[in-house]
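Report on the following structure.
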Amino acid sequence: MDKILENSLLFDFYGELLTDKKKEILSLYIEEDLSLSEIASRYDITRQCVYDTIKTSQKLLEEYENKLGLVQKFVDHKKELEQVLKMLDELDYIDKEKITEIRNKIKGII
């Protein structure tokens, strides 16, 4: 999995478990795509402090994932549902309206 996507998913799943300051800094870095310098000037801290906070926060998120595995379960379920969608596309003999209904329900999940 792409590291940027992985960090984003980890933050989405476990970000609320971080302290407010770590959550804010990591949000600016991941979601707002700000540089270390931009974040440092916003908080009047050094770039090294921002870097350390980001690395510490990412390590915490990875530890949560190692213990709980929610992101991996999410990714696995999404892959399985995509396979079901592919299988539905291959079916000819079932009512097309029913297939559309099933596809819409699955897409609502993923």
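Things to note:
- Among the residues of the range 49-82, the one identified as touching a helix residue (DSSP H, G or I) at 6+ places or on another chain (Cβ under 6 Å) and small (Gly, Ala, Ser) is Ser57.
- Scanning the range 57-110 for residues being polar (S, T, N, Q) and more than 30 Å from Leu18 (Cβ to Cβ) gives a total of 3.
- In the range 78-110, of all residues being within 19 Å of Leu9 (Cα to Cα) and in contact (Cβ under 8 Å) with a residue 12 or more places away in the chain, the one that is surrounded by the most Cβ atoms within 10 Å (Cβ to Cβ) corresponds to Leu81.
- Those helices (runs of 4 or more DSSP H) lying entirely in the range 1-62 with at least 3 residues at pLDDT 95 or above and over 26 Å from Lys73 (Cβ atoms): 20-30, 36-43
The values are calculated or read from the model by the stated rules, or taken from the named source; none is laboratory data. This one's a predicted model, so the numbers in the text were calculated from it and none came from an experiment. Backbone-built Cβ (ideal geometry, glycine too); neighbour counts: all protein chains shown.
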